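Contents: one structure, followed by commentary.
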Amino acid sequence: MILILGLESSCDDSAAALVTGDRQVLAEAVVGQNSAHQPYGGVVPEIAARAHVEVLPGLIRQVLDEAGVAIADLDAVAATAGPGLIGGVMVGLLAGKGVALAGGKPLIAVNHLEGHALSPRLIDGGLGFPYLLLLASGGHCQLLEVRGIGRYRRLATTIDDAAGEAFDKAAKLLGLPYPGGPAIEAMAAEGCSSAVPLPRPLVGSGEPHFSFAGLKSAVQRAVASGAYRPADIAASFQQAVVDCLIDRTRLALERSAAPTLVVAGGVAANGAIRRALQRLAEQEGRRFAVPPGWLCTDNAVMIAWAGAERLALGLTDPLEAPARARWPLDAAAETVRGAGVKA
Ligand SMILES: Nc1ncnc2c1ncn2[C@@H]1O[C@H](COP(=O)(O)OP(=O)(O)OP(=O)(O)O)[C@@H](O)[C@H]1O
Ligand SMILES: [Mg+2]
């Protein structure tokens, strides 16, 4: 059975994992850096890269020991090669190259977004192509038709902030710790989702794109007014995000014949969002798939799994493979009017 070592270091999580081609996770380890970045209210790239340097080699040793596996037993080494904070990406990719070189193993330079995109197939062996993917994470908010490994058609993207970024910014305004998603979700449970009138940017518009910057500004005004309970603001904000995601995804479903709706990325860990998308899929007569929460936020299991999928097709990379800060899944997709630099 194929055995892959996966490495992840594109943002603020250092992670290593051993995954087999028949969907077994033999070992995995993640070390987050939340406490290092918390004083700054966001990830500081320099601090993140230095932490990956210190932590990753130990994690590789740890997963190999835990699974009782030697480098010689590996079939390939899969490492995130982008997109992400370039310093961290370089650290993890170079660590992967080191193991591949030392063991004489093939390298697979994995697109982190493909890791998220294929993660549901690790859990659900019956999930075939194509599927419509809502990829909602800290850096991205896109609707993609996943047609196969390396074959993506982007239907929509955000014209400003990503959904996870919106959670993080709203949390900061509410004085909640980073990352904001889990903190807002917990606080929202104590609040009323209709208490604060907030906008639903782009809802009803003709293309299924996303926008969250105006929502963040509205949260800022609501906090500054002093007129609302923080829990009510959190609940109303979360509901506004749910409404935006559902409206936009419904439009994308109308434009795709894919039989399954999938949600992945860190924001897919949110219970309200998962439930609302499941209802939408039922209404639209589609299957629904979502990875468990631990597989939604950054991890190396999804990188190893993407490596296994690529290796099965003979898709390996040379040791010269570059680290990329930007690396869109659908390179042919046009830049959307009003969009910032996000892919
Ligand atoms: N329960 C939750 N509800 C809402 N958002 C959440 C939840 N859990 C995590 N998130 C958000 O998910 C994001 C992290 O997801 P992920 O780790 O996939 O992003 P990233 O790797 O930083 O970005 P990308 O994958 O686009 O490079 C953060 O913005 C975080 O606030
Ligand atoms: Mg991610």
Quiz item: In the chain, what % of DSSP beta bridges are antiparallel (nearest 5)?
Solution: 60
Quiz item: What value does region 126-294 have for Rg/Rh, both radii from Cα atoms and Rh as Kirkwood defines it?
Solution: 0.97
Quiz item: At a Förster radius of 41 Å, what calculated FRET efficiency corresponds to the Cβ-Cβ distance of GLN220 and ARG151, to the nearest 0.05?
Solution: 0.55
Quiz item: Per-residue HN-Hα couplings for region 46-58, Karplus 6.51 cos²θ - 1.76 cosθ + 1.60 at θ = phi - 60°, whole Hz, x for Gly and Pro?
Solution: 4, 5, 4, 4, 5, 5, 4, 4, 6, 9, 4, x, x
Quiz item: With labels modelled as points extended 7 Å from the Cα through the Cβ direction, what inter-label distance (nm, one decimal) is found for LEU315 paired with ASP243?
Solution: 3.9
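Size of the dipole of region 126-294 about the Cα centre, Lys and Arg at +1 and Asp and Glu at -1 on the beta carbon, nothing else charged, in debye to 20?
Details: 18 positive and 14 negative charges, 65 e Å.
The calculated dipole for region 126-294 is roughly 320 debye.
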Practice problem: For region 3-93, build the charge dipole from Cβ charges (+1 Lys, Arg; -1 Asp, Glu) around the Cα centre, then report which of SER10, ILE71, LEU56 sits farthest towards its positive end. | Solution: SER10
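Compute the relative contact order of the chain as a whole-number percentage, counting only Cα pairs closer than 8 Å that sit 6 or more residues apart in sequence.
Values: 773 pairs, mean separation 82.1, N = 343.
Over the chain, the number comes to 24 percent.
Taking only pairs that are 8 or more places apart or on different chains, how many Lys pairs in the chain have Cα atoms under 20 angstrom apart?
Lysine pair count for the chain: 5.
Show me the ranking of peptides 300-308, 8-16 by mean Cβ neighbours inside 10 Å, starting with the highest. Write down the numbers at each step before the final one.
Numbers: 300-308: 31.4, 8-16: 29.3.
Output ranking for 300-308, 8-16: 300-308, 8-16.
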Quiz item: How many angstrom separate the Cα center of region 27-54 from the Cα center of region 271-343?
Solution: 22
Quiz item: Charges only on Cβ, +1 for Lys and Arg, -1 for Asp and Glu: so what's the dipole of the chain about the Cα centre, in debye to the nearest 20?
Solution: 760
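Taking the Cβ of each residue in ARG151, ARG324, ARG310 as the centre, tally the other Cβ atoms inside 10 Å and list the residues starting with the fewest. Don't jump to the answer; show the numbers that get you there.
Numbers: ARG151 12, ARG324 18, ARG310 24.
Fewest to most other Cβ atoms nearby, the residues stand as ARG151, ARG324, ARG310.
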Exercise. Go through region 156-167 residue by residue and turn each phi into a ³J(HN,Hα) via Karplus (6.51, -1.76, 1.60, θ = phi - 60°); whole Hz please, and just put x for glycine and proline.
Key: 7, 8, 8, 8, 9, 8, 7, 4, x, 4, 5, 4
Practice problem: Enumerate the calculated ³J(HN,Hα) couplings along region 296-307 in order (Karplus 6.51 cos²θ - 1.76 cosθ + 1.60, θ = phi - 60°), each rounded to whole Hz, writing x wherever the residue is Gly or Pro. | Solution: 7, 6, 4, 7, 9, 4, 5, 6, 4, 5, 4, x
Practice problem: Compute the length gained on full extension between ARG50 and PHE129: take 0.36 nm times their separation in residues and subtract their Cα-Cα distance, giving the result in nm to one decimal. | Solution: 24.6 nm
Quiz item: Restricting to region 126-294, what percent of DSSP beta bridges are antiparallel, rounded to 5?
Solution: 60
Self-check item: the chain: calculated mean residue ellipticity at 222 nm from DSSP helix runs of at least 4, using -39500 (n - 2.57)
Solution: -13500 deg cm²/dmol
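Please give the peptides 184-193, 206-215, 128-137 ranked by average Cβ packing (other Cβ atoms within 10 Å per residue), highest first, as a rough proxy for protection. Walk me through the numbers before you get to the answer.
On the way: 184-193: 18.0, 206-215: 19.7, 128-137: 22.8.
Most protected by this proxy first, the peptides run 128-137, 206-215, 184-193.
Throughout, read-outs are computed from the coordinates displayed, never taken from laboratory work. Not measured: the values here are computed from a predicted model. Backbone-built Cβ (ideal geometry, glycine too); neighbour counts: all protein chains shown.
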